[in-house]
Amino acid sequence: MAGLLAARVLTDAYDEVLVVERDSIPSTPAPRRGVPQGHHVHVLLEAGRATICDLFPGYGEELIDAGALIINVGEDLEQYEAGGLLASPATRMEMYCASRPLLEGVVRDRLTALDGVELREECQFVDYRTDDSAARVEGVRIRERGDTETVPADLVVDATGRTSRTPQWLADNGYESPPTVEVDIDFTYSTIRIDRPPGDRRMLFAPQSAPRTHGGAAFPVEGGEWLVTLGGMHDTDPPSTVAGFESFADELPIDGIRELVAEREVVSDGVDRYPFPSNRRRRYAALDGFPENLVVTGDAIASFNPIYGQGMSVAALEAVQLHHLLASGATDAIGPRFFAAAEDVVDIAWSMAVGADSEFEATTGPAPTGAGLFNRYLSRLVSRARTDSALAEEYYRVVGMEKPPTALLRPRNVWRTVRP
């Protein structure tokens, strides 16, 4: 998604945009090898939804036409936090529900329909092409079905995710590698698909919350199915067999997920599992030197505990920052200027995800500044949000990255939180 959205904003500034994709692209939405988490529950937060709909007008309508659902958070979502279900928001809030392959597939179809865009599948990045001093990236070398080719480019965007080779390339070519921060959480999640009756749009969510290291979700998706994902942190391991789903779900603080697993037919072939060892952040903005004409984005900069659903929305907001830089017309030092702009986006997601993960005793790695004090305040706020619709709505909008966390510290929210 980071690469597709970056490619979309590049079309506003360049005549030709080439997307190099290692995977074979399925003809209909389906999980692919390069996105192993694609089998599991995904959520498009409001910040990501609004941004993608700006970049691709009509995106939401096309999702619905392809089978996605719109749920009303106040009526259809049961979210367990701080010892109970959150209250319905004070105003109507809608959310798209679809599988990751569908969310991505509609973006890809819209992108490749644009003039000047070429997507080359089963094509692998090999190396950057540079000038003699490696001060300027002038293109890439790629391998396609055994043949190697050099493609010149005015700008190269690395959206290759956590496995990005740019840090090592920098070290091999006389630059410093970006300082890297890791917060170990040893998170694993397991997913099955079960059948969903027509008209049943329930969305159930009980995320991990210290000290409880197990959590679960059941999200309605296209095709008359629920995706049921069970996750565990640190020493809690989710089930690897369908038979183990019911007993694991029985440990959750809400009954609905266990009841769905017990009552509905499993339609997937076994269990899909995905390990996520750590939150990781590469501090490219801290580098003193960086080659011209190169940008790194998405999970290649920072990746977060997937239970918070931030990845696609962060990628979308980073694409907007790239758009602003390109619209200014000045592309000198575009990498460092982009990294500085992206810091604000990443800071918010990192503080929310890592701040929550740092509450677990077994989590190792640096916690965000002030996380302990803010977490105590947030715990009280969320507890109040079980009966206060206005606080519940503010919390949902912050979690959805529609508002910054500082919105929770506005006087009216502080009073509603701390009053006797």
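The values are calculated or read from the model by the stated rules, or taken from the named source; none is laboratory data. Bear in mind that the values here come from a model prediction, so they are computed numbers and not experimental data. Reconstructed Cβ throughout: ideal geometry from the backbone, glycine too, with neighbour counts over all protein chains shown. We work out accessible area using only protein heavy atoms, side chains counted, and drop any ligands, DNA or RNA first. Shrake-Rupley method; radii C 1.70, N 1.55, O 1.52, S 1.80 Å.
So what is the orientation-averaged projected area of the chain, using the convex hull of its C-alpha atoms, in nm²?
Result: a mean projected hull area of 20.7 nm².
Tell me, what % of the accessible area of the chain is carbon and sulfur with a 1.4 angstrom probe?
Looking at the chain in its full context, I get 46 percent from C and S.
Taking the alpha carbon gyration tensor of the stretch 204-331, what are the square roots of 5 times its eigenvalues, largest first, to the nearest whole Å?
Taking √(5λ) for each eigenvalue gives 39, 17, 12 Å, largest first.
Just to confirm the number: angle between the C-alpha axis of helix 100-112 and the first principal axis of the chain, 0 to 90 degrees, nearest 10?
Orientation of helix 100-112: about 30 degrees from the principal axis.
To check you understand DSSP bridge types, tell me what percent of the beta bridges within the chain (both residues inside) are antiparallel, rounded to 5.
Taking every DSSP beta bridge with both residues in the chain, the antiparallel ones total about 85 percent.
Just going by the charge dipole of the chain, with Lys and Arg at +1 and Asp and Glu at -1 on Cβ, which of Thr236, Ala390, Ala327 is farthest out on the positive end?
Ala390
Sorting check: for 373-380, 413-420, 102-109, which peptide has the highest mean count of neighbouring beta carbons within 10 Å, and how do the rest follow?
Peptide ranking by packing, descending: 102-109, 373-380, 413-420.
Relative contact order of the chain, please, whole-number percent, based on alpha carbon pairs below 8 angstrom and at least 6 residues apart.
21 percent.
What would the Debye equation give as log₁₀ I(q)/I(0) for the stretch 1-120 at q = 0.14, 0.17 Å⁻¹, counting only Cα atoms as equal point scatterers?
-0.68, -0.92
Out of the stretch 1-87, which trypsin sites (Lys or Arg not before Pro) are coil in DSSP terms and have no more than 11 other C-beta atoms within 10 Å?
Answer in residue order: Arg33.
Output the 0 to 90 degree angle, nearest 10, between the alpha-carbon long axis of helix 389-399 and the longest principal axis computed from the alpha carbons of the chain.
Value to nearest ten degrees: 30.
Taking the Cα centre of the stretch 88-187 as origin, sum charge times position over the Cβ atoms of Lys and Arg (+1) and Asp and Glu (-1), and report the length of that vector in debye to the nearest 20.
360
Would you mind estimating how fast the stretch 92-154 diffuses translationally, via Stokes-Einstein at 4 °C and 1.567 mPa s with the Kirkwood radius over Cα pairs, in µm²/s?
Once the numbers are plugged in, D ends up at 88 µm²/s.
Where does the charge balance sit around Tyr80 when Lys and Arg score +1, Asp and Glu -1, over other residues with C-beta under 12 Å from its C-beta?
That works out to -1.
Using alpha carbon coordinates only, what is the Rg to Rh ratio of the stretch 2-50, with Rh defined as the Kirkwood radius?
1.02
What does the accessible area per residue of the chain come to in Å², with a 1.4 Å probe and no ligands, DNA or RNA counted?
44
How big is the charge dipole of the chain about its Cα centre, in debye rounded to the nearest 20, if each Lys and Arg gets +1 on its Cβ and each Asp and Glu gets -1 on its Cβ?
Using only the charged Cβ atoms, the result is roughly 1260 debye.
Which is farthest toward the positive dipole end of the stretch 295-387 among Phe374, Ser303, Ala316, measuring Cα position about the Cα centre, with Cβ charges +1 (Lys, Arg) and -1 (Asp, Glu)?
The listed residue farthest towards the positive side: Phe374.
Over the stretch 138-218, what lengths in whole Å, largest first, do the semi-axes of the equivalent ellipsoid take, defined as the square roots of 5 times the eigenvalues of the alpha-carbon gyration tensor?
41, 23, 11
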